[in-house]
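Asker: Right, I'll just put the structure down here and ask away after.
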Amino acid sequence: MATERALDRETASLIDDMLQGNARALARLITIVEEDDEESHRVLRHISPSFRAHRVGVTGPPGAGKSTLVNRLTTFARQNELRVGIICADPSSPFSGGAVLGDRVRMTQHYMDEGVHIRSMSTRGSLGGLPSTVHGVVRLMDASGKDLILVETVGVGQMELDVMENVDTVVVALVPEAGDDVQAMKAGLMEIADIFVVNKADRPGADSLVVGIRSMLDLVCRDNGWTIPVLSTQAEHNIGVGELYEQIWHHRKTSIDTGLFAERRARQRRDEFTAVLQKLVTQEFMNAISSDHDLAACVAQMNEGEISPYEAAEEVFRIMSRKLH
Ligand SMILES: Nc1nc2c(ncn2[C@@H]2O[C@H](COP(=O)(O)OP(=O)(O)OP(=O)(O)O)[C@@H](O)[C@H]2O)c(=O)[nH]1
Ligand SMILES: [Mg+2]
């Protein structure tokens, strides 16, 4: 299979440089991994199997102040001499209204800092979809020696929720002016949040939103040793973000102590394994179909409506399994 081919010399030396912390090598490897093709798999196979960094997802509705929070959290991390990786996932979505430029403006102070690597990613052009490319980029950032990786998504779709399934701590940011959309969204976000933040607490309605979220949380009590905090922040004015920073590390420590951390990482590894395996198997089967007479005939029958897609898939699977044995 093509993925078994060795890395070419240039990529191998990029990996060496990246492992030494070279930012240009990291940026180039991220570009390779974003392509989500065979080369990308080859790169990721050479990366450590487990994560060193703590990975934090920051999600919430458009304009909630996620990037401003990420920027402030980065400042705290840098004060503690941690190296930070930032991924702004899908900034080109119609929901976030050209946030790439905005994110750059909000994070200018960190753009010049060698201890911070910022990457904006779009879902477009990625075969495996946003979640798998984000995982790959997180892996690279981790391998390059980052201590804290912050992933920002706009929490609206399944893809973004999938990204959040693959971090260690999920921060959900909401804002007081939240309308009905956010009411609906809150239910989905409720399931995944480890920490709630009511940002823009300088606006009216913040206190009652905090109370509202707390009472919703009382209803969905998760008996896992972690009480989900509901914090209020003013990211713009750097108020309350210190506490958020503390709570992130507190969540890490508590979930390590209770065993949830290891459980979560094991589940993520299984999911990632299944996703990669599915992709490889599908690819291999598709290649086989185009070069094998029996398989092609079976698919042609399905195309003509003579047999059902279920029948065809099962028949292809049967023929392939026989070949593999
Ligand atoms: N009043 C007020 N405004 C804030 C606060 N925090 C952020 N903002 C402003 O809210 C706007 C949106 O902030 P961003 O950080 O870009 O929000 P975002 O959630 O990353 O936005 P998208 O990525 O586009 O979804 C900016 O104009 C910020 O300056 C706050 O605490 N109070
Ligand atoms: Mg943003």
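Asker: In percent, how large is the relative contact order of the chain, given Cα pairs closer than 8 Å and 6 or more residues apart?
Answerer: It rounds to 17 percent for the chain.
Asker: State the Cα centre-to-centre distance between region 134-152 and region 15-69 in whole Å.
Answerer: A separation of 4 Å, based on Cα centres.
Asker: Going from most exposed to least, what order do 59, 227 have by accessible area with a 1.4 Å probe?
Answerer: 227, 59
Asker: Counting only heavy atoms of the protein chains, get the accessible area per residue of region 1-47 (1.4 Å probe) and round it to a whole Å² value.
Answerer: Per residue, region 1-47 has an accessible area of 58 Å².
Asker: Excluding ligands and nucleic acids, what accessible area in Å² is computed for residue 161 using a 1.4 Å probe, to the nearest 10?
Answerer: In the full protein context, residue 161 sits at about 40 Å².
Asker: Which of 233, 68, 11 moves most in a GNM of the chain, Cα contacts under 10 Å?
Answerer: 11
Asker: So, with a 1.4 angstrom probe, what is the percent of accessible area on the chain that is carbon and sulfur?
Answerer: Ligands and nucleic acids excluded, carbon and sulfur give 53 percent.
Asker: Amide H neighbours of residue 47 under 5 Å, counting only residues 5+ apart in sequence or on other chains, H built in-plane at 1.01 Å?
Answerer: none
Asker: Next up: Say we join alpha carbon atoms closer than 10 Å with springs in a Gaussian network model of the chain; which of 132, 308, 232 then has the biggest fluctuation?
Answerer: Of the options given, 308 has the highest mean-square fluctuation.
Asker: Let me ask another. Just how much of residue 66 is accessible, in Å², when a 1.4 Å probe is used and the result is rounded to the nearest 10?
Answerer: 10 Å²
Asker: Taking the Kirkwood radius as the inverse of the mean 1/r across Cα pairs, report the Rg/Rh of region 272-324.
Answerer: Using only Cα positions, Rg/Rh for region 272-324 is 1.01.
Asker: May I ask you to list the lysines whose Cα is less than 23 Å away from that of residue 66, ignoring any residue fewer than eight positions away on the same chain?
Answerer: 146, 186, 200
Asker: Let me ask you something else. Cross-link partners among lysines for residue 279, C-alpha distance below 26 Å, same-chain residues fewer than 8 apart left out?
Answerer: By straight Cα distance, residue 279 reaches 323.
Asker: Follow-up question, since we're still on this one. For the chain, with a Gaussian network of springs between Cα atoms less than 10 Å apart, report the residue from 38, 284, 272 with the top mean-square fluctuation.
Answerer: Of 38, 284, 272, the Gaussian network model singles out 284 as fluctuating most.
Asker: To continue, here is another question. Across the Cα atoms of region 1-47, what radius of gyration and what greatest pairwise Cα-Cα distance (Dmax) are found, in Å?
Answerer: Reported Rg and Dmax, both Å: 10.0, 31.
Asker: Work out the length of the dipole vector of the chain about its Cα centre, built from +1 on the beta-carbon of each Lys and Arg and -1 on the beta-carbon of each Asp and Glu, and round it to the nearest 20 debye.
Answerer: So the magnitude is around 920 debye.
The values are calculated or read from the model by the stated rules, or taken from the named source; none is laboratory data. Model, not experiment: these values are computed from the prediction. Every residue, glycine among them, receives a Cβ derived from its backbone with ideal geometry; neighbour counts consider all protein chains shown. To get the accessible areas, we keep the full protein, side chains included, count just its heavy atoms, and leave off ligands, DNA and RNA. Shrake-Rupley method; radii C 1.70, N 1.55, O 1.52, S 1.80 Å.
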